[in-house]
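Undergrad: Structure incoming, see below.
The values are calculated or read from the model by the stated rules, or taken from the named source; none is laboratory data. Keep in mind it's a predicted model, so treat the numbers as computed, not measured. Here the Cβ positions follow ideal geometry from the backbone for every residue, glycine too, while neighbour counts run over all protein chains shown. Just so you know, the surface numbers come from the protein's heavy atoms only, side chains and all, with ligands and any DNA or RNA stripped out. Shrake-Rupley method; radii C 1.70, N 1.55, O 1.52, S 1.80 Å.
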Amino acid sequence: MWAVETIGLTKDYSAGFWRKRPLRALDGLSLRVEKGGIFGLLGPNGAGKTTTLKILLRLVFPTAGSAQLLGRDIRDISVHRLIGYLPENPYFYDHLTAPEFLNYMAEIFGMGRDARCRRVGTLLERVGLASFQKLPLRKFSKGMTQRAGIAQALINDPELIFLDEPMSGLDPLGRREVRDLILGLREEGKTIFFSTHILGDAETLCDRVAILHRGRLEGLGGMQEILSREVSSAEIVLEHPSPELVELAKSLASSVVRTGERVRMVIPEAAQPERVLAQFLERGAKVVSFNEVRNSLEDYFMERVGSPARAPDVRSAHPPAGGENP
Amino acid sequence: MNSISRVATIAVHSFKESVREKVLYNLVGFALLLIAAAILFGSISVGIQKTILINLGLSSISVFGLLMAIFIGVGLVAKEIERRTLYNILSKPVARAEFIVGKYLGLLVTLVINTAIMALGFYAALYYVTRQFVRADAIALEAIYLILLQFAIVVGVAIFFSCISTPVLSAVFTFCVYVIGNYLADIRWFGRENGSVLMEKLTHALYFLLPNFANFQATSLAAHGMRIPGYLLVSDSLYALLYVTVLVSAAVLAFEEREFK
Ligand SMILES: Nc1ncnc2c1ncn2[C@@H]1O[C@H](COP(=O)(O)OP(=O)(O)OP(=O)(O)O)[C@@H](O)[C@H]1O
Ligand SMILES: [Mg+2]
């Protein structure tokens with residue numbers, strides 16, 4: 001039995017006011033997600049991630065195809081008993097406080113008063129809202145709302161949890177907390193299915209990812225396989241290089257970036273990075289580092305999503321703004 | 001947890017939600033104010049003071065209750081769709097039918113309570129004017145019951161429109177249905193006299209399709225101390241029950257098909 005199984009899931013939205021043109025948001029998505037572990041649904045804006053989740057949760061209906069959650073057809077909403085869902089940009093009742101709202105959600109699951117009270121307390125603690133018991137949800141910041149949304153998704157201690165962009169609107173600390181929360185859920189044996197376009201989050205969290213682009217499945221694989229594909233280039237960093245060395249670097253490297261005193265370059269496999277390194281050392285260059293550039297999820301993503309041709313680059317928090325290409 | 005307790009949970013929640021709507025208090029306040037004003041109006045002409053009070057009192061209960069019914073009927077369903085608070089409920093094991101029925105019941109309770117408050121105000125005014133209660137004063141209560149039946153239908157209409165359109169349109173449509181529903185007999189008469197076959201068919205269809213609110217008007221009977229016939233109370237109750245069942249079922253059917261994009 002799969003946690004999630006979709007077969008040829010397709011969704012057309014009608015767009016346009018006068019003449020209704022169908023817009024294919026999802027195109028024959030067939031996917032199987034094992035139980036346990038973290039599954040990431042990746043894709044650029046408008047790829048169809050939210051659409052997929054909404055179909056699985058029965059908020060919109062597929063134009064074609066079928067899907068099962070935990071072995072039950074999505075049309076059978078009794079499976080929702082075992083499921084949690086955080087919608088994209090969640091919105092809640094203005095006038096309730098977080099405990100009141102969670103209490104209402106717990107009541108829907110038929111939990112008794114004591115069980116509700118305990119569960120709500122634990123969850124508020126877990127998502128870091130314990131100190132906002134009295135504040136109505138309308139006064140919550142975006143990140144606080146997101147946390148309340150995560151709490152309500154977990155109210156029934158679900159087996160399978162769908163999170164649509166769980167990190168959106170969170171500060172760095174919040175992202176860290178949510179990341180730990182998701183990892184904790186995996187430890188408990190839950191299946192987490194989340195959508196994101198933030199590759200860093202996916203890379204640190206996911207066991208498996210699917211890449212969606214314009215409604216089509218463009219890639220599917222285990223994170224290990226994706227990251228351990230063959231090394232394709234190397235990065236060399238020099239300190240205080242002479243102009244002559246910079247010229248040499250420019251002639252050999254696929255990209256050269258200058259940051260302060262340092263020059264960072266990427267040498268493609270074809271140019272034989274070890275030979276290049278030797279040349280630099282011969283000319284008395286001060287080499288700060290030499291690294292193999294591991295394939296990142298970003299490379300895989302870019303490959304699949306087919307962005308404008310892009311040299312394999314070192315993944316870094318600061319994109320090479322001043323990058324020069326020979 | 002069974003269906004009934006889920007419906008009850010949703011009903012209780014939507015009741016609690018509507019209780020927090022400040023507009024309701026304003027409307028109740030206005031109604032009470034008008035009832036108080038009726039005392040002043042009445043005191044100008046001593047003989048018909050009571051008649052005027054009953055007339056004005058029941059009319060204001062009717063008008064303000066109607067505004068409440070439209071306001072909360074549309075506000076608490078259409079807004080929930082528009083603001084997507086619904087996503088949280090529907091991703092729980094809640095059938096769409098349970099949601100609609102729960103909402104309807106919750107709003108009905110709200111209306112009953114608010115109408116009861118207005119009725120209390122009305123009877124207080126009546127006591128202030130006459131300094132006594134006589135048996136005939138119970139007729140006003142029957143008239144209020146008929147008014148409440150109208151509200152039950154109006155909330156059903158409001159919920160039905162909420163399921164198929166936007167909040168503003170729902171409010172407008174519901175109001176139109178109420179107004180037309182009060183003049184159905186006239187409209188049918190107009191259709192007959194008009195001479196056009198199409199017009200006659202159209203008005204005939206309207207007559208049978210829309211709720212006939214004129215059947216529920218008992219204010220002037222009550223004002224003149226005339227008894228409301230028992231068969232009217234029974235038939236109106238059955239009519240309202242039937243109508244509400246049809247409306248809520250239609251709302252559920254529309255809601256089942258609705259996508260939340
Ligand atoms: N209600 C709608 N009506 C018409 N088209 C829609 C509607 N909702 C989504 N779409 C279209 O469907 C496609 C997929 O949208 P979807 O929201 O699933 O993307 P996404 O992957 O979640 O994007 P994002 O990362 O921006 O959240 C987009 O092209 C979008 O324009
Ligand atoms: Mg999305």
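Undergrad: Calculate the FRET efficiency for A:Lys142 and B:Val246 from the Cβ-Cβ distance with a Förster distance of 45 Å, rounded to the nearest 0.05.
TA: After rounding to 0.05, the efficiency reads 0.55.
Undergrad: How far apart, in nanometres, would the label points at A:Thr63 and B:Asp186 be if each is projected 7 angstrom from Cα along the Cα-to-Cβ direction?
TA: A separation of 4.9 nm, rounded to one decimal place.
Undergrad: Okay, next question. Please compute how much accessible surface disappears when B pairs with A, both sides summed, using a 1.4 Å probe, and round it to the nearest 100 Å².
TA: 2900 Å²
Undergrad: Give me the inter-chain shielding for A:44-54: mean count of other chain Cβ atoms within 10 Å, whole number please. Spell out each step's value before the answer.
TA: Numbers: counts 0, 0, 0, 0, 0, 0, 1, 1, 0, 1, 5.
Counting other chains' Cβ atoms within 10 Å and averaging over A:44-54 gives 1.
Undergrad: Let me ask another. Hey, rough spin-label estimate for B:Lys201 and A:Arg262, points 7 angstrom out along Cα→Cβ, what's it come to in nanometres?
TA: 8.3 nm
Undergrad: For region B:27-120, report the translational diffusion coefficient in µm²/s to the nearest whole number, using Stokes-Einstein at 37 °C, 0.692 mPa s, and a Kirkwood Rh over Cα pairs.
TA: It diffuses with D of about 213 µm²/s by this estimate.
Undergrad: Quick one: net charge of A:Gly184's neighbours, Cβ under 12 Å, K/R +1, D/E -1?
TA: 0
Undergrad: Please find, in a Gaussian network model of chain B (springs between Cα atoms separated by less than 10 Å), the residue of B:Lys92, B:Lys103, B:Lys201 whose mean-square fluctuation is greatest.
TA: Residue with maximal mean-square fluctuation among B:Lys92, B:Lys103, B:Lys201: B:Lys92.
Undergrad: Over what distance in Å are the Cα centres of region B:159-238 and region B:80-145 separated?
TA: 21 Å
Undergrad: For B:Ser91, list long-range residues whose amide hydrogen, built 1.01 Å from N in the peptide plane, is under 5 Å from its own amide hydrogen.
TA: The list, which skips near neighbours in sequence, is empty: none.
Undergrad: Among bridges DSSP assigns within the protein assembly as shown, what percent are antiparallel (round to 5)?
TA: Among the beta bridges of the protein assembly as shown, antiparallel pairing accounts for roughly 70 percent.
Undergrad: Ranked highest first by the average count of other Cβ atoms within 10 Å around their residues, in what order do A:135-148, B:186-199 fall?
TA: So the peptides A:135-148, B:186-199, ranked by packing, come out A:135-148, B:186-199.
Undergrad: Related question: Cα centroid distance between region B:1-78 and region A:41-93, in Å?
TA: Result: 40 Å between the Cα centres.
Undergrad: Looking at this model, which pairs from A:Lys49/A:Lys142; B:Lys103/B:Lys261; A:Lys11/B:Lys16; A:Lys11/A:Lys142 are more than 28 angstrom apart at the alpha-carbon?
TA: Numbers: A:Lys49/A:Lys142 21 Å; B:Lys103/B:Lys261 21 Å; A:Lys11/B:Lys16 37 Å; A:Lys11/A:Lys142 30 Å.
Correct reply: A:Lys11/B:Lys16; A:Lys11/A:Lys142.
Undergrad: List the residues whose amide H sits under 5 Å from the amide H of A:Gly219, counting only those 5 or more places along or on another chain, with H placed 1.01 Å from N in the peptide plane.
TA: HN-HN under 5 Å from A:Gly219: A:Ile211.
Undergrad: Moving on to the next point. Tell me, what is the 1.4 Å probe accessible area of B:Thr166, in Å² to the nearest 10?
TA: Around 70 Å² of this residue is reachable by solvent.
Undergrad: For n ≥ 4 DSSP H runs only, could you compute -39500 (n - 2.57) per run for the protein assembly as shown, divide by its residues and tell me the 222 nm figure to the nearest 500?
TA: Helix contribution divided over all residues of the protein assembly as shown: -17500 deg cm²/dmol.
Undergrad: Set Lys and Arg Cβ to +1 and Asp and Glu Cβ to -1, take the dipole of the protein assembly as shown about its Cα centre, and tell me which of A:Ala202, A:Ile38, B:Tyr207 lies farthest positive.
TA: The one lying farthest along the dipole's positive direction is B:Tyr207.
Undergrad: Expressed as a rounded percentage, what relative contact order does chain A have, with Cα pairs under 8 Å and six or more residues apart?
TA: Values: 612 pairs, mean separation 59.6, N = 326.
Contact order relative to length: 18 percent.
Undergrad: So for chain A: antiparallel DSSP bridges make up what percent, rounded to the nearest 5?
TA: 70 percent
Undergrad: Let me ask another. Between helix A:98-108 and chain A, what is the angle of the helix's C-alpha long axis to the longest principal axis, kept within 0 to 90° and rounded to the nearest 10?
TA: With both axes taken from Cα atoms, the answer is about 60 degrees.
Undergrad: If you roll a 1.4 Å probe over region A:114-226 with all protein chains in place, what percent of the accessible area is carbon or sulfur?
TA: Whole-percent figure for carbon plus sulfur exposure: 50.
Undergrad: With +1 on each Lys and Arg Cβ and -1 on each Asp and Glu Cβ, how big is the dipole of the protein assembly as shown about its Cα centre, in debye rounded to the nearest 20?
TA: 1480 debye
Undergrad: While we're here: State the Cα centre-to-centre distance between region A:133-195 and region A:208-264 in whole Å.
TA: Each part reduced to its Cα centre gives a spacing of 33 Å.
Undergrad: OK, next. Taking just the alpha-carbon atoms of the protein assembly as shown, what radius of gyration and Dmax come out, in angstrom?
TA: According to the Cα coordinates of the protein assembly as shown, Rg and Dmax are 33.1, 119 Å.
Undergrad: Another question, if that's okay. May I ask you to give the average projected area over all directions of the convex hull of the Cα atoms of chain B, in nm² rounded to one decimal?
TA: 16.3 nm²
Undergrad: Hey, can you find the accessible area per residue of the protein assembly as shown for me, probe 1.4 Å, expressed in square angstrom?
TA: For the protein assembly as shown, the solvent-accessible area averages 47 Å² per residue.
Undergrad: Still on this structure, I have one more. Name the residue from B:Ile144, B:Gly195, B:Thr166 whose Cα lies farthest towards the positive end of the charge dipole of region B:130-254, charges +1 on Cβ of Lys and Arg and -1 on Cβ of Asp and Glu.
TA: B:Ile144
Undergrad: Tell me the net charge near A:Leu86. Cut-off is 9 Å between Cβ atoms, A:Leu86 excluded, with +1 for each Lys or Arg and -1 for each Asp or Glu.
TA: Details: positive: none; negative: A:Glu88, A:Asp164, A:Glu165.
Charge balance near A:Leu86 sits at -3.
Undergrad: Could you grab the relative contact order for region A:76-230? Cα pairs under 8 Å, six or more apart, rounded to a whole percent.
TA: Details: 202 pairs, mean separation 37.7, N = 155.
In percent, rounded to a whole number, it is 24.
Undergrad: Using a 10 Å cut-off around each Cβ of peptide B:79-90, what is the average number of partner chain Cβ atoms that fall inside?
TA: The shielding value for this peptide is 5.
Undergrad: Please report the relative contact order for region B:175-261, taking Cα pairs under 8 Å with a sequence separation of at least 6, and give it as a percent rounded to a whole number.
TA: Contact order relative to length: 24 percent.
Undergrad: Starting from the Cα gyration tensor of region A:88-141, take the square roots of the eigenvalues, sort them a ≥ b ≥ c, and report rounded, prolate or oblate (rounded when a/c is under 1.5, otherwise prolate if a/b is larger than b/c, else oblate).
TA: Prolate is the answer for region A:88-141, as a/c is 1.5 or above and a/b outweighs b/c.
Undergrad: Over region B:105-165, with every protein chain in place, what whole percent of the accessible area is carbon and sulfur at 1.4 Å, could you tell me?
TA: Summing carbon and sulfur atoms, their accessible area is 73 percent of the total for region B:105-165.
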